[in-house]
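Inspection log for the structure reproduced underneath, given as structure tokens.
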Amino acid sequence: MGSCRPAASGPRLGAIGEAAAGGMALPVRRWLPLALALALALAAAAGQSPLQRRVVRDVLEYFHGRSNVHFLFKERELDGVIEREDPSGTFVQLRLGLAQTTCRKRAPQRHCRVLESRRKPTCLACYKFDTGDVPKVLDKYHNCGPSHHLAAKEIRQRDEAECRAVEEAGRGGDTPYLPGMFAFSRGLPA
């Protein structure tokens, strides 16, 4: 009959355990930033609502669509997330920290390594969605630049004003344009 005893080789170590036990060990300075970035990305994605994920996706599209951006950027951090619902829809505001990667924008690859010492722009995004089953964007505002640039008082005040205007979209005063709302006629010469 068979017996239930542990294998002679001892406890089974995973690849990381074997590397730490004396195999090919990676220096802590190489794997720790990667592990932290992965943990941050997973935690950020886990706590995001579908509308927040949509805003992040739209901001990345907007940022990569700019002519002065030649490399791919990845999400570094998500900060200052506000999501408010009212009868006219849902307002989402967030700050998205980006990090430059080694991949060119025109030739993206599957695995793009983040360049730690390169540009790390921040984007402020304010979106207002309607209340439909598939929410449509009623209004939006983006501002991307170096984080110190977005902290300047004048820019911060403009951003706040623009986001307030986006949040007001869809409320009582906004009526959609319908054909025939405005009529212009040319006067005939007398």
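The residues of the stretch 96-141 that are in contact with a helix residue (DSSP H, G or I) (Cβ under 9 Å, 6 or more places away or on another chain), more than 19 Å from Gln48 (Cα to Cα) and surrounded by 16 or more Cβ atoms within 10 Å (Cβ to Cβ), listed by number, are Ala99, Val114, Lys120, Pro121, Leu138, Asp139, Tyr141.
Residue pairs whose Cβ atoms lie under 6 Å apart, separated by 6 or more positions or on different chains, with the first residue in the stretch 38-66 and farther than 15 Å from Pro135 by Cα and the second among the charged types (D, E, K, R) and modelled with pLDDT of 75 or more, are His64/Lys105. Considering only residues that are under 27 Å from Thr131 (Cα atoms) and aliphatic (A, V, I, L, M), look in the stretch 67-91 and name the one that is surrounded by the fewest Cβ atoms within 10 Å (Cβ to Cβ). Here the answer is Ile82.
The values are calculated or read from the model by the stated rules, or taken from the named source; none is laboratory data. What you are looking at is a predicted structure, and each value in this text was computed from that prediction instead of being measured. For neighbour counting, all protein chains shown are included, and Cβ atoms are generated from backbone atoms with ideal geometry for every residue, glycine included.
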